[in-house]
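Written out below as structure tokens is the structure these notes cover.
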Amino acid sequence: MIGLGTINIPALRRGQNQSRSFQSSQAAATLAPRSSIHHLRFAIHPQVSAPNIETIVSLAKRRGFVYPSSEIYGGLGSAWDYGPLGVELCNNVKQSWWRWMVYERDDIEGLDSSIILNRLVWKYSGHEETFNDPLVDCRECNSRLRADKLIDGKCPNCGSKNLTEPRPFNLMFRTHVGATAEDDPDALVYLRPETAQGIFINFLNVLNASRRKLPFGVAQVGKSFRNEVTPGNFIFRTREFEQMEMEYFVKPGEDEAAHQEWIDACHQWFQSIGISSGNLRLYEQPQEELAHYAKRTVDIQYRFFPEREDEERHWDELMGIANRTDFDLKTHSKKPEDAEGRRLNPDSTEDLSYFDESTKQRFYPYVIEPAAGVNRTVLAALMDAYSEKTNDKGETRVILRLHHSMAPIKVAVLPLAKNKPEIVGMARAIKRSLQPVLRAVYDDTGGIGKLYARQDEIGTPFCVTVDHQSLEDEAVTVRDRDTWEQERIKVADLQTHLLLRLAPEVGTVVVE
Ligand code: ATP
């Protein structure tokens, strides 16, 4: 149902929110008069996030966020390329996570380890033996399927229940290093299926170089690879993806409290980048789902599938926060022994234990691991930001209400007349002056209404329009993506004005 709406415009500072009603107008898409604030009246669809992933797939391709990879050769199942706006959005997600995780805290260091590690890392981490999905074949249509993802034991392609018994399928991609024979077992290596192991094997390096004491963490962002049996749902499940992981090392006994703190902090972080709490939920993994090393794992799920009938199936994993106990540091250490006194890891040359000066005790730290996917975060941000607005003419516009920190472009500078060299020159100069402090673009590829619509659809928070009057009064019109409100601002004040309005606490629009 479409209804007339009232929106709250957040004021520049917290605690000053005020509700204002807007008068509709087709002027929404045109340049407003030079008076300070222009009131608009419009209809709002109650829907405030994407109705399904398909809606985002077409927007993403049309506007240059994400393209199917290798399309001119027929594509490659589950591979996607990030276009001009997609790469900016991915970078914003990673930068925001890094700033929050590493810069704003005093107990986390950063790391960038190799994608290809010594094969023994994956032997002792348990991945060679246990990083498997249960694979079944459909005897009717020959599809290969993940047994744990079947609904009612049926093949999703043909509905048959005539399936083979599940068998383990290892998800690690194999390759070979050096100019050796393909079947030389000494040359076998894997592309990492998670970034975490690169952190564990560098535990002593970081500890010694940074002179850290527990608790402290090591964060890493990078590509991981899994030969998923059934990739799909756009960028939700791909074979090549990016992870943002952090391993937080704590004293045994302090692990449970630290785990809960990280669950709460991560839940909060997703909201801080604009994802609404109503589309997020916490999922406590039941005992039978836990990885063999985990004491407790809580997933943060996002409502990726709102179109599904069964409410329970709306949700899927955005990130996992696991208490991995002391499994990882112990398994990569040379000292631990079995009951008969044999070394559990005869290949390691180091002991990754920690000496606590205050208690004079040596032990293996417990590890709390918040692990999020960049691509799933990008998908959640896009779905959550998607909204539609219909004007008086019945035209429906897509508005991507991305959080300001996520918007690929912060400001578009638009000349009202592209055949007037003075206006074009002024607009280009304004763009150049803004660029050192925020991502700005210049665009003169259409009429002003089209340009506004395009920027709304890609989530640009502000458009700055240079018109004939600007040449005389040294002022421009600043248009707000979410309200279509327009304000006349002196060029000399423009940068400060935009930076204030782009501040993190501004930018949410609440539809009443
Ligand atoms: P799933 O159960 O969905 O396969 P997982 O529990 O195996 O995921 P983790 O090993 O906990 O995933 O990885 C941490 C995060 O990495 C996930 O929450 C997700 O955001 C991301 N991720 C994992 N696998 C993929 C994939 N194939 N494609 C995209 N992102 C992924």
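Laboratory data are not the source of any read-out in this text; all were calculated from the coordinates shown. Remember, predicted model here, so these are calculated numbers, not experimental data. Heads up, the Cβs are rebuilt from the backbone with ideal geometry, glycines too, and the neighbour counts pull from every protein chain shown.
Miscellaneous remarks
- Extension gain from residue 472 to residue 73, taking 0.36 nm per residue of separation minus the Cα-Cα distance: 138.2 nm
- Its Cα gyration tensor gives segment 239-306 an equivalent ellipsoid. The semi-axes, each the square root of 5 times an eigenvalue, are 23, 16, 14 Å from largest down.
- Where the Cα pairs of segment 363-412 fall when distances are cut into 10 Å bins, in %: 19, 32, 24, 12, 8, 3, 1, 0
- Rg and Dmax [Cα atoms of segment 288-403; Å; Rg one decimal, Dmax integer]: 23.6, 81
- The angle separating the long axis of helix 421-434 from the principal Cα axis of greatest extent in the chain is about 30 degrees.
- Pairs beyond 24 Å (Cα-Cα), from 251/330; 61/420; 94/490: 61/420; 94/490
- Distance from segment 421-479 to segment 154-187 (C-alpha centre basis), Å: 53
- Candidate aspartates and glutamates - alpha carbon under 12 Å from residue 334, same-chain residues fewer than 8 apart omitted: 347, 350, 351
- Rounded to whole Å, sorted largest first: equivalent-ellipsoid semi-axes of the chain, Cα gyration tensor: 47, 28, 22
- Close amide-amide hydrogen proximity is noted between residue 224 and 241, 242, 243, each under 5 Å apart and 5 or more residues distant or on a separate chain (H modeled in the peptide plane; Pro and chain starts excluded).
- Degrees separating the helix 255-272 axis from the principal Cα axis of the chain, which is the longest one: 20
- Where both bridge residues fall in the chain, DSSP classifies roughly 85% of the beta bridges as antiparallel.
- Nearest-20 debye value, the chain charge dipole, Cβ charges on Lys, Arg, Asp, Glu: 1560
- Charge dipole (the chain, unit charges on Cβ, about Cα centre) - positive-most of 287, 483, 266: 483
- With pairing defined as another cysteine C-beta under 4.7 Å, the cysteines of the chain that fail it are 90, 266, 463.
- Once the chain from residue 305 to residue 103 is taken as fully extended at 0.36 nm per residue, the excess over their C-alpha distance is 69.3 nm.
- Helix axis angle, 84-98 relative to the chain longest principal axis, alpha carbon, degrees: 60
- Distance from segment 238-292 to segment 196-229 (C-alpha centre basis), Å: 16
- For segment 107-255, radius of gyration divided by Kirkwood radius, i.e. Rg to Rh on alpha-carbons: 1.07
- Histogrammed with a bin width of 10 Å, the alpha carbon distances of segment 76-145 distribute as 14, 20, 30, 28, 7, 1 percent, first bin at zero.
- Compactness index (Cα Rg / 2.2 N^0.38 Å), segment 316-366: 1.45
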